[in-house]
1. With the condition kept exactly as written, say whether any residue in segment 143-158 is surrounded by 17 or more Cβ atoms within 10 Å (Cβ to Cβ), under 25 Å from the mean Cα position of the chain (by Cα) and more than 16 Å from ligand 3 (Cβ to nearest atom).
2. I'm trying to understand the selection: among the residues of segment 239-253, which are within 12 Å of ligand 1 (Cβ to nearest atom) and part of a loop (DSSP other than H, G, I, E, B)?
3. Kindly state which helices (runs of 4 or more DSSP H) lie completely within segment 161-231 and contain at least 3 residues that are farther than 30 Å from residue 279 by Cα and either more than 19 Å from the chain's Cα centre (by Cα) or not assigned by TED's automatic domain parsing to the domain that holds residue 116 (or both).
4. All but one of (1) more than 25 Å from residue 461 (Cβ to Cβ); (2) out of contact with any strand residue (DSSP E or B) (no Cβ under 6 Å at 6 or more places or on another chain); (3) buried (at least 16 other Cβ atoms within 10 Å of the Cβ); (4) in contact (Cβ under 8 Å) with a residue 60 or more places away in the chain hold for residue 210; state the number of the condition that does not hold.
5. Regarding segment 545-556, can at least one residue be identified that is buried (at least 20 other Cβ atoms within 10 Å of the Cβ), at pLDDT 90 or above, in contact with a helix residue (DSSP H, G or I) (Cβ under 7 Å, 6 or more places away or on another chain) and not assigned by TED's automatic domain parsing to the domain that holds residue 350?
6. I'd like to know if segment 389-408 contains one or more residues that are within 16 Å of ligand 3 (Cβ to nearest atom) and either more than 28 Å from residue 504 (Cα to Cα) or in a helix (DSSP H, G or I) (or both).
7. Mind listing just one residue for me: the one in segment 270-281 that is touching a strand residue (DSSP E or B) at 6+ places or on another chain (Cβ under 7 Å) and in contact (Cβ under 8 Å) with a residue 60 or more places away in the chain and, of those, farthest from ligand 2 (Cβ to nearest atom)?
8. Restricting to segment 350-377, name every residue that is in contact with a strand residue (DSSP E or B) (Cβ under 7 Å, 6 or more places away or on another chain) and part of a loop (DSSP other than H, G, I, E, B).
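The values are calculated or read from the model by the stated rules, or taken from the named source; none is laboratory data. Model, not experiment: these values are computed from the prediction. Neighbour counts are summed over all protein chains in view; Cβ atoms, including those assigned to glycine, are modelled from backbone coordinates with ideal geometry.
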Ligand code: SAH
Ligand code: SF4
Ligand code: F3S
């Protein structure tokens, strides 16, 4: 198997050897100066120096060396002297994406697609039609990686089946699992052609061309500054009225259980200006809801120099009482709540959400911005992970149970209607029955409106892997997970049923999965609301261009049923986000006579 060496190692080795030979020549000439040379020698030396200055640089050495192909930066097209720009083109080859993991991967796929579209690739939704298959992978738990291995197995069959009409089918494993396992992916599964980490997506067109020669290609170099800020992601589903925007990459928190700092590298924020440009672009295409993404959105800092708005340049982060970090707080720059405000101001009719924030970075300023903008949704994700302070310390979360509960109290004081969601892990190293009970009691006390619940899965490289023992049996982890689920279901159902009778603003997203005669959308608190797809009678003339409800419409909905998963309701009238929130502020009572005739 010809394996082209990972860019960083190869670069180091090659650079070192060529650099060494130049260096030796310099040393020789310097020594000769000390020996008081003859004028002829001096002139040879000057000529050599000139040659060195005006002569070929490192890149030119590589130009004639086909070996060097794997490290030259493809960010600027003219820096790829060894591959004709034309040969980087896909010439209409079809790419199929299968996306696993979190929303960051969804957005990354849109970045990859934007890059490939520029190189004349086409997208296909049909795996059998594909010339290139990309698995955009996750490494957060073992089960996430198992799914990919299984998928790769099934792709072997597909490759065999298509060997006649698609002899050059390429399979790429990209994203977090690629970064975690690196060349091990190629060693373990011979059907993979490309392995690309989350900071190397710009290299994909080049790697695809290289793989045509039958080489296996890998670039898993992490970056300190890659934010793909200059790439306008192209949404996979252009019709969707919702969109994700990455505002930062990586994570510096180093929670002891988590692999993300290893798969996504150091935390870095994308400049405000580039984010605002993307928001404006999405809004101009009719997007009505934007979710700002990052592993730690509220640690966002735009430290770029062109932030001339000095009134907004902030002081170092002062963490609330009871919260600590493992890294030095960043100084200056624009903070998350500045960004949030700027994004919310772009269009008051566009909803703004964000995920995931970390509980340690919720200054009151941030909560006040959320409170004062009707289009910033009043739903907050506060990943707790555990309800026990000793476990939280072992997890290195940077807060105690008490500090977390104080934060919840403060959030609810400033944002009374807020819906809180969370993440919890059970069965972390050394978790006793008593410690786990604290998690259950926290769930009971806070009454979250939704949560992601996980059994702990030990990941190599993490601090927990080095320091602790994964000593809670699978059986106990499973039992605890069931207990968490039951506790959640009970409270969520109660919470949801308490909303029956309310009139809520719902943004329609499309048909319900179960029935084409129903529509589904989400309320401000991010809950799914199912309504009958009625021919709605508009109450205001400016909306009467279309009688049928459609994705992107805001509708006032009378909630009349609920369970632990969804709310159900009757649509009352089409409206605007601003009108609806004004009517709430002024306490207008909606009369039943405003209901459509057919409800
Ligand atoms: N940055 C986000 C989390 C990203 S990972 C945050 O801090 O909220 C999403 C969730 O996966 C985490 O919140 C955690 O609950 C869970 N998780 C992370 N590592 C895990 C592991 N090793 N085993 C089980 N769950 C894990
Ligand atoms: Fe992982 Fe913790 Fe970073 Fe979230 S904050 S990505 S859990 S290290
Ligand atoms: Fe998974 Fe990477 Fe997201 S590990 S959860 S895809 S950041």
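1. Within segment 143-158, one or more residues are surrounded by 17 or more Cβ atoms within 10 Å (Cβ to Cβ), under 25 Å from the mean Cα position of the chain (by Cα) and more than 16 Å from ligand 3 (Cβ to nearest atom).
2. Step one: of segment 239-253, the residues within 12 Å of ligand 1 (Cβ to nearest atom) are 248-253.
250, 251, 252, 253, listed by residue number.
3. Per the criteria, 183-188, 204-211.
4. (2)
5. As a first pass, look at segment 545-556 and keep what is buried (at least 20 other Cβ atoms within 10 Å of the Cβ): 549, 553-556.
Adding the requirement that they be at pLDDT 90 or above leaves 553-556.
Checking which are in contact with a helix residue (DSSP H, G or I) (Cβ under 7 Å, 6 or more places away or on another chain) leaves us with 554, 556.
Checking which are not assigned by TED's automatic domain parsing to the domain that holds residue 350 leaves us with 554, 556.
Yes, some residue in segment 545-556 is buried (at least 20 other Cβ atoms within 10 Å of the Cβ), at pLDDT 90 or above, in contact with a helix residue (DSSP H, G or I) (Cβ under 7 Å, 6 or more places away or on another chain) and not assigned by TED's automatic domain parsing to the domain that holds residue 350.
6. Let us first name the residues in segment 389-408 that are within 16 Å of ligand 3 (Cβ to nearest atom), namely none.
Within segment 389-408 (the criterion being within 16 Å of ligand 3 (Cβ to nearest atom) and either more than 28 Å from residue 504 (Cα to Cα) or in a helix (DSSP H, G or I) (or both)), the answer is no, since none of the residues qualifies.
7. Taking segment 270-281 and keeping what is touching a strand residue (DSSP E or B) at 6+ places or on another chain (Cβ under 7 Å), we get 270-272, 275, 278-279.
Those left that are additionally in contact (Cβ under 8 Å) with a residue 60 or more places away in the chain: 272, 275, 279.
Numbers: 272: 22, 275: 20, 279: 24 Å.
Only one residue fits best here, namely 279.
8. 350, 356, 357, 375, 377
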